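S.K.: Submitted below is the structure of interest, expressed as structure tokens.
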Amino acid sequence: MDSWDVGTGAADDAGGVFVSWKAVTFLKAMGLRPRRTIRAIYWTAEEQYLEGASVYESEHAQDEKQEFNVFFESDSGTFEPTGLDFSGNAAAQCIFAEVAKLMTGFDEFTFTEGSVGSDIGNWVRRGFPGVSLRNKNENYFWYHHTEGDTIELEDPAALDKTTALWAATAYVIADLSIDIPKNVVDYTYN
């Protein structure tokens, strides 16, 4: 997906696309309808100056910025999931810490005011909260942008667990009675 050189892009980033797409598919199949819309968005060309994310942002963010609540990104492989990284202000971190308590079996949750992923970095820098997958990806760069980045890397059990974590977290956040607090800087577009 995002592999622009020699691999087929399974870890970078077809696994992340799969997880996002299947999470929404599973929530819909279970008849779960949260208070807010959950979008699974696929764009490419991160390696070429965030081309896909930037085009999406310029086409959607001006009219929809009040609708955006939290951005998720999975672009570091989809190996065995261990938790999530969260970026947001102190009030948002407190809420996310409570959400994280619901995700039993996943123990690694980090909180930062920095970026949690390049593809959602444009929004996080403007003050929107961001979530990124933590997983056992210590061997990720063995395959990243190599001929070895193929579907054989993907473990169906790890994909299922990641999809469950992704779907559950997205659903809980989208169904909260309040918005996740943000410090949004005004948008300027050409």
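The values are calculated or read from the model by the stated rules, or taken from the named source; none is laboratory data. Bear in mind the structure is a predicted one, so any value in this text is a computation, not a measurement. Counting neighbours? That spans all protein chains shown, and the Cβs are built from the backbone with ideal geometry, glycine included. Ligands, DNA and RNA are excluded from the accessible area calculation, which covers all protein heavy atoms including side chains. Shrake-Rupley method; radii C 1.70, N 1.55, O 1.52, S 1.80 Å.
S.K.: Looking only at the range 98-139, which residues are open to solvent by less than 30 Å² (accessible area, probe 1.4 Å) and assigned to a helix (DSSP H, G or I)?
M.R.: Listed by number, the residues that qualify are VAL99, ALA100, GLY121, ASN122, TRP123, VAL124.
S.K.: Name every residue in the range 117-156 that is free of Cβ contacts under 8 Å to residues at least 60 places away in the same chain and within 21 Å of LYS22 (Cβ to Cβ), in order of residue number.
M.R.: GLY117, ARG134, ASN135, LYS136, PRO156, listed by residue number.
S.K.: Just the residues that are in a helix (DSSP H, G or I) and either open to solvent by 50 Å² or more (accessible area, probe 1.4 Å) or out of contact with any Gly (no Cβ under 7 Å at 6 or more places or on another chain) (or both), please, taken from the range 81-97.
M.R.: ALA90, ALA91, ALA92, GLN93, CYS94, ILE95, ALA97
S.K.: Also, I was wondering about something else. Going through the range 131-171 one residue at a time, which ones are touching a Gly at 6+ places or on another chain (Cβ under 6 Å) and basic (Lys, Arg)?
M.R.: If the condition is that a residue be touching a Gly at 6+ places or on another chain (Cβ under 6 Å) and basic (Lys, Arg), then ARG134 is the only one that fits.
S.K.: Please identify the pairs in which a residue from the range 7-27 that is outside any helix (DSSP H, G or I) has its Cβ atom under 7 Å from the Cβ atom of a residue that is crowded, with 21+ Cβ neighbours inside 10 Å and small (Gly, Ala, Ser), counting only partners at least 6 apart or on another chain.
M.R.: GLY9/SER3
S.K.: Can you give me the number of residues within the range 143-181 that are open to solvent by 60 Å² or more (accessible area, probe 1.4 Å), within 12 Å of ALA11 (Cβ to Cβ) and not in a loop (DSSP other than H, G, I, E, B)?
M.R.: The qualifying residues number 3.
S.K.: Could you go through the range 47-57 and let me know if any residue there is of a type in the set (A, V, I, L, M, F, W, C), closer than 30 Å to GLU152 by Cα and in a helix (DSSP H, G or I).
M.R.: Yes; the residues of the range 47-57 include at least one that is of a type in the set (A, V, I, L, M, F, W, C), closer than 30 Å to GLU152 by Cα and in a helix (DSSP H, G or I).
S.K.: Contact list please: Cβ distance under 9 Å, first residue in the range 36-55 and of a type in the set (Phe, Trp, Tyr), second residue open to solvent by 70 Å² or more (accessible area, probe 1.4 Å) and not in a loop (DSSP other than H, G, I, E, B), pairs at least six apart or on different chains.
M.R.: Matching pairs, first to second residue: TYR42/TRP21; TRP43/GLU51.
S.K.: Farther than 23 Å from GLY9 by Cα, of a type in the set (D, E, K, R) and either in contact with a Cys (Cβ under 9 Å, 6 or more places away or on another chain) or at pLDDT 85 or above (or both): is that true of LYS65 in this structure?
M.R.: No; evaluated as a whole, the condition is false for this residue.
S.K.: Scanning the range 19-59 for residues that are at pLDDT below 90 and aromatic (Phe, Trp, Tyr), which turns out most open to solvent (accessible area, probe 1.4 Å)?
M.R.: TYR49
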